[in-house]
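Enquirer: Once you've had a glance at the structure underneath, I'll fire off some questions.
No value in this document is a laboratory result; all are computed from the given coordinates. Not measured: the values here are computed from a predicted model. Because the Cβ atoms are built from the backbone with ideal geometry, glycine has one as well, and the counts that use them run over all protein chains shown.
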């Protein structure tokens, strides 16, 4: 039996994969003071459901996969450890200058961002290495020991070390580590060349300091989790989700906790890719995860999970860059809780403000007075006020009406239904434009992709979005509301290693490159034989980070060979590079030489080769008598609309829109003119 | 004007069409960003994309460097229509003439008229890109010392038809290739620019099929009215007032030795919901490259205004209706005629114009406007060139963006440190030390913020950054720059102090510093290094009004020394950050005294 637990802001989702392959979902409230409590509560629910004691239940679990927002929350709320930053003399302001850049040129209300580590806790180390790895100034060890003494006096809890060019010659960072071990034992530190050996000091320093600052808290949390699971009978393997869309051994993550940042959203494309293939035999998919406040988008192209080197916590240029390639998920402020408002010029807006979970939409009656997308759907009859979350939460239609009338109908002189319909339409338009930006930016025509809608609020307008985009197929997976936990069950054990070595196609250093690649392969093999032992399948993939001469940014292109024997190998790589460049940027430049900056290897170990099981949650759904109700659509007006229960639709069963399909977790609106069919996998496949 | 614009479209369609038009300009910008070749495009993001209505009004534009994209599109589109009364589908025009609405000759702009099946012109899409080279007599696009256009040497294209039926006019392409340095790079950027414009054209045609041209035109009219209404609202929230503010640009070859004094007379006319800026009281054009094009003079004013009002007003022809700018014919601020050189119109004097306008707002009422931003153009942003002995003795030439600061304090917040210069608004990127050391045979010894250089005030202006770099290997390195702000600092406002000035030196091998001029092309020998202090920005409000909590943080973070905290801010604290409340109260009272007497 395998478990996947995703601790979110509001709920802790548990997905159980029984040995039979069938799945079952359990939810409990997240307990922010002690998140482990929430996890154990969810597991207890599963044990109760099975009718066995917790000890007995956990004893049968082979693999426990966990994703948590613990790390990212700590960064956002600035509750990380008191961390010092050690860097090369003369460069103490790496985290202050960052890489420049700004958004919203006329907005002077946003202050200049504070550095991730305060300047007061930044210390310069007298040393310097050149871009070619030569030691220009040797490390002043005496001065460093004095600095370490200061760290002790300041009661530093963690240390990030990022020296210039440590990625070419790590000697000085290694020496710093030795002196830290000797003079500051027990205080965790992160070395930049070990954690993230990339060019560009700001990115490397940012990931190094962020990682160090998470170490005390995350090792305590993960240690606690593993202890308490063991106390309750768990003897299996504890794996952690990462921002790279895979899993890592808990111990390994504990040593580099930055990898858990963004792990939740990274699972959506993994699951989306799976359903696109199973339900529509498609390799290109737009995966859209609609939550209460954000709309998370990712694009699966030709079966590959998209990665990006530009992941920020907070807004670009205002927040902090993670500095690692991570699964490319674009998040826009649009969701069920997005607030509709009319500005002083009489223009309707939806978002970016959100009512969040508290106070929430007006219909929650928890103090929210502004109309949200959820309120609009309620007024339109798309959501049943008595069957929200399976009836566990009653919604107040009157409150929605009041909010819409006051904020939208009056200033715009619209009827209640027209106003609600306008809100939904504009929310749809916001999401469409976000998708267009993601797809066009990567040279994909959205019409050629299938749209996978996940998340509790996806069903409300995913069909409308697809229609606007011209997508021919929409997939709503059965367990869309716990997509991340589901993705976790099919993700692989992975790791990646990087090395920096600069060379160019007209002066290629075969010897050094091949030596670098050999070392990377060796590291991967050690991983496969170590943590990866016993996996079903494994593979190693090498990449070069290269660019056309004079360009500024590299792209990652997979290597087809394990080493470079001669000019044919370079030419073959070159062809792949040109093709990749053309695909990403619409052109290639056959005349320019290539510059190689970095090398990367990934090792992937498949933990499960069987597909995803079916969801078995019959007990959670209620039988309902309703079979139709009035709902408003802009094309047909108020229309008597068929209502069906998600789990009662049989595989192959077809329904024509207008229709509304409900489950305790979500509501799916099938617009007039669209049709839906239930698939063997449990998904709904809709033709808009 | 089209006559049938009386029927209104509903607010939902208005909101949706606005989103659609915005998406188009963003798509155009993305196309450009991912296909552009030169660093000035990729790193400095020196380009803009926008859509212009049938009657030549700026409708919408993507977020970009502000100096690029406010005023000028209208004049450029008008020029295109006047010079080419019959526009055909498939036409495209190359335009960079500062005498016909363009900012400066380095900004090559492609205009594509969007024409329907019946040959009717409906919109114009517009893409402007700063070139790495534009054929000047010297290898730079910023010829500060050019005595006139002939001396500057730029190729000028006053809305020249470069495509006919979607095909390039190869004569013009070949002329450019013969005259512009690194022609492959120019051609690459040209293709990217044209590609972006054609994306915009295609998208608008598609939208017209869905909504009909009439709806799009009604939208344009209503959208501009809506933007005007937001602007009226924003102005109605301002106080009535007037301020005349001056700011002096440092002298360069071709200007009087005391420099160039720029004056703006700013009036907030609340009753008529207008902001009036009179630039008449400025000198005549001068035999140098600083003269402002009309587009840059107007845009410089508008940046100062939009920096100072509520930030949700769309920047288009609708909101611009509430701005009246007076330019005197023959003046250095936008009144120059051919062949006056306007080579550096987008930065130096334009920045001084913006500074005077935003500071005028602060003079009218506390809580409005900003202090002055520091100008850029230091040695840390030089064009560097030389021989790279690490790689086959290859020649290199490129502009670096090693560091810049300059942000002005605003009425409500401390400065955004890395603003670069007012027309840039901080949109450009700063180089990575490692990337520069990999690309060029140089070493960056030091790059940090200098303590006690902030523009003191209730809100502080950006401090100076210090930067020291030099060549490695046997060969020297040539560096050239045109700086402002060495003599005339960025001014503080409402009691805020001025920002620190720009300083450039060469550090000799013996460690001594040799002062360098503001505008220079010099050789840095092997073993020597260039040393720069960047311009800081001005402070806003009296320093002793700054909150004690903020001062404490400034001291702990090493931006302000204990002595300066006491002397300038009147806050007395020890090195652990413990405040001496009693002495602080006394000291602050003492600092405020001269002012109280005055009143």
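Enquirer: Mind checking the full-extension length gain between residue A:635 and residue A:540? Use 0.36 nm per residue of separation minus the Cα-Cα distance, one decimal, nm. Please report the intermediate quantities before stating the final value.
Expert: Details: separation 95, 0.36 × 95 = 34.20 nm, distance 5.28 nm.
Stretched fully, the residue A:635-residue A:540 segment lengthens by 28.9 nm.
Enquirer: Please work out the Cα center distance from the stretch B:209-254 to the stretch A:39-84, rounded to the nearest Å.
Expert: 54
Enquirer: At a Förster radius of 22 Å, what calculated FRET efficiency corresponds to the Cβ-Cβ distance of residue B:394 and residue A:556, to the nearest 0.05? Intermediate values should be presented prior to the final figure.
Expert: Values: r = 27 Å, r/R0 = 1.21.
With a Förster radius of 22 Å, E is 0.25.
Enquirer: Rounded to a whole number of µm²/s, how large is the Stokes-Einstein D of the stretch B:463-577 at 25 °C and 0.890 mPa s, given Rh as the Kirkwood radius over C-alpha pairs? Walk me through the numbers on the way to the answer.
Expert: On the way: Rh = 16.3 Å.
Calculated translational D: 151 µm²/s.
Enquirer: Would any residue of the stretch B:434-465 have its amide N under 15 Å from a label point 7 Å out along Cα→Cβ of residue B:592? List them or say none.
Expert: Flagged as within label range: B:458.
Enquirer: Semi-axes, largest first, in whole Å: what does sqrt of 5 times each Cα gyration tensor eigenvalue give for chain B? Write down the numbers at each step before the final one.
Expert: On the way: eigenvalues 326, 207, 86 Å².
One finds semi-axes of 40, 32, 21 Å for chain B.
Enquirer: Grab the DSSP H runs of chain A that are 4 residues or longer, score each as -39,500 (n - 2.57), total them, divide by all residues and round the 222 nm result to the nearest 500 deg cm²/dmol. Present the calculation step by step, with values, prior to reporting the outcome.
Expert: Working: 17 runs with 213 residues, N = 688.
Value at 222 nm, helices only, nearest 500: -9500 deg cm²/dmol.
Enquirer: Something else about it: Pairs of Cα atoms under 8 Å, at least six residues apart: use those to get the relative contact order of the stretch B:365-424, whole percent. Provide the component values of the computation, followed by the final result.
Expert: On the way: 99 pairs, mean separation 23.6, N = 60.
Over the stretch B:365-424, the number comes to 39 percent.
Enquirer: More than 13 Å apart: what percent of Cα pairs in the stretch B:239-296 qualify?
Expert: Details: 1103 of 1653 pairs.
So the pairs more than 13 Å apart make up 67 percent of the total in the stretch B:239-296.
Enquirer: Mind computing the radius of gyration and Dmax over the alpha-carbon atoms of the stretch B:424-492? Å is fine for both.
Expert: That works out to 15.4, 49 Å for Rg and Dmax.
Enquirer: So for B:306, B:211, fewest C-beta neighbours within 10 Å to most, what's the order? Don't skip to the end; give the middle numbers.
Expert: Numbers: B:306 26, B:211 17.
Ranking B:306, B:211 by Cβ neighbours within 10 Å, fewest first, gives B:211, B:306.
Enquirer: What is the distance in Å between the Cα centres of the stretch B:185-200 and the stretch A:374-414?
Expert: One Cα centre to the other: 48 Å.
Enquirer: Normalise the Debye intensity by I(0) for the protein assembly as shown, one equal point scatterer per Cα, no solvent, then take log10 at q = 0.04, 0.05, 0.06 Å⁻¹ and round to two decimals.
Expert: Those come out to -0.23, -0.37, -0.54, one per q.
Enquirer: Kirkwood Rh over alpha-carbon pairs of chain A, then Stokes-Einstein at 20 °C and 1.002 mPa s: what D in µm² s⁻¹, rounded to an integer?
Expert: 80
Enquirer: Next up: Using the alpha-carbon atoms, what tilt in degrees (0 to 90, nearest 10) does helix A:510-529 show relative to the longest principal axis of chain A?
Expert: 60
Enquirer: Ok, one more. Need one number: nm distance between label points at residue B:525 and residue A:402, each 7 Å from Cα along Cα→Cβ, rounded to one decimal.
Expert: In this crude label model, residue B:525 to residue A:402 measures out at 8.3 nm.
Enquirer: Still on this structure, I have one more. I need the fraction of alpha carbon pairs in the stretch A:470-593 separated by more than 26 Å, rounded to a whole percent. Don't skip to the end; give the middle numbers.
Expert: Details: 3230 of 7626 pairs.
Of the Cα pairs, 42 percent sit more than 26 Å apart.
Enquirer: Still on this structure, I have one more. Could you tell me how far the Cα centroid of the stretch A:152-182 sits from the Cα centroid of the stretch B:31-92, in Å?
Expert: 50
Enquirer: Could you compute the FRET efficiency for residue A:152 and residue A:114, with r as their C-beta to C-beta distance and R0 at 22 Å, rounded to 0.05?
Expert: Values: r = 25 Å, r/R0 = 1.13.
Working from the Cβ atoms, E equals 0.35.
Enquirer: Let me ask you something else. Which whole-number percent is the relative contact order of chain A (Cα, under 8 Å, 6+ apart)?
Expert: Numbers: 1491 pairs, mean separation 82.8, N = 688.
About 12 percent, as a whole number.
Enquirer: Would you compute, from DSSP H runs of 4+ residues alone, the mean residue ellipticity of chain B at 222 nm, taking -39500 (n - 2.57) per run and dividing by the full residue count, rounded to the nearest 500? Intermediate values should be presented prior to the final figure.
Expert: Details: 15 runs with 187 residues, N = 599.
Helices in chain B give a 222 nm mean residue ellipticity of -10000 deg cm²/dmol.
Enquirer: Another question about this same structure. Percent antiparallel among DSSP beta bridges with both residues in the stretch A:1-73, to the nearest 5?
Expert: On the way: 13 of 19 bridges.
Taking every DSSP beta bridge within the stretch A:1-73, about 70 percent pair in antiparallel fashion.
Enquirer: For the protein assembly as shown, give the share of DSSP beta bridges that are antiparallel, in percent and rounded to the nearest 5; count only bridges with both residues there. Please list the in-between numbers first.
Expert: Numbers: 167 of 208 bridges.
Just about 80 percent of them are antiparallel.
Enquirer: Now, a different point. If I model a spin label as a point 7 Å beyond the Cα along the Cα-Cβ vector, how far apart are those points for residue A:304 and residue A:183 in nm?
Expert: So the two model labels end up 4.7 nm from each other.
Enquirer: Further, regarding this structure: Report, to the nearest 10°, how far helix B:183-211 tilts away from the longest principal axis of the Cα atoms in chain B, using its own Cα long axis and a range of 0 to 90°.
Expert: 60
Enquirer: How many percent of DSSP beta bridges within chain A run antiparallel, rounded to 5? Could you put the intermediate results ahead of the total?
Expert: On the way: 85 of 120 bridges.
Of those bridges, close to 70 percent are antiparallel.
Enquirer: Arranged by the count of other C-beta atoms within 10 angstrom, fewest first, what order do A:87, B:413 take?
Expert: Values: A:87 27, B:413 17.
Ascending number of Cβ neighbours within 10 Å: B:413, A:87.
Enquirer: Roughly speaking, what % of Cα-Cα pairs in the stretch B:376-482 are separated by over 25 Å, rounded to a whole number? Before the final figure, lay out each step's value.
Expert: On the way: 1612 of 5671 pairs.
Counting every Cα pair in the stretch B:376-482, those more than 25 Å apart make up 28 percent.
Enquirer: In what sequence do B:93, A:646 fall when counting other Cβ within 10 Å, fewest first? Kindly include the intermediate steps, with their values, before the conclusion.
Expert: Values: B:93 26, A:646 23.
The fewest-first ordering by Cβ neighbours comes to A:646, B:93.
Enquirer: Here's another thing I want to ask about it. Given contacts defined as C-alpha pairs under 8 Å and at least six residues apart, what's the relative contact order of chain B, whole-number percent? Numbers along the way, then the final one.
Expert: Details: 1580 pairs, mean separation 68.1, N = 599.
Dividing the mean separation by the residue count of chain B yields 11 percent.
Enquirer: Answer rounded, prolate or oblate for the stretch A:193-250, using the Cα gyration tensor with square roots of eigenvalues a ≥ b ≥ c: rounded when a/c is under 1.5, else prolate when a/b is larger than b/c, else oblate. Write down the numbers at each step before the final one.
Expert: Working: a/c = 4.14, a/b = 2.18, b/c = 1.90.
Because a/c hits 1.5 or more and a/b exceeds b/c, the stretch A:193-250 counts as prolate.
Enquirer: Helix B:294-308 versus the longest principal axis of chain B: what is the Cα-based angle in degrees, 0 to 90, to the nearest 10?
Expert: The two axes meet at around 60 degrees.
Enquirer: At residue B:118 and residue B:412, where each label point lies 7 Å from the Cα along Cα→Cβ, what is the point-to-point distance in nanometres?
Expert: The two pseudo-label positions are separated by 4.9 nm.
Enquirer: Cα convex hull of the stretch B:58-156: how many Å³ per residue?
Expert: Numbers: hull volume 10.4 nm³, N = 99.
Per residue, the Cα convex hull of the stretch B:58-156 comes to 105 Å³.
Enquirer: Now, a different point. Against the empirical 2.2 N^0.38 Å scaling, what ratio does the C-alpha Rg of the stretch B:342-413 come to?
Expert: So the Cα radius of gyration is 1.64 times the expected 2.2 N^0.38 Å.
Enquirer: Among rounded, prolate and oblate, which fits the stretch B:166-300 when a ≥ b ≥ c are the square roots of the eigenvalues of its C-alpha gyration tensor, a/c under 1.5 means rounded, and a/b larger than b/c means prolate? The partial results should precede the final answer.
Expert: Details: a/c = 4.01, a/b = 1.13, b/c = 3.54.
Taking the square roots of the gyration eigenvalues as a ≥ b ≥ c, the stretch B:166-300 is oblate.
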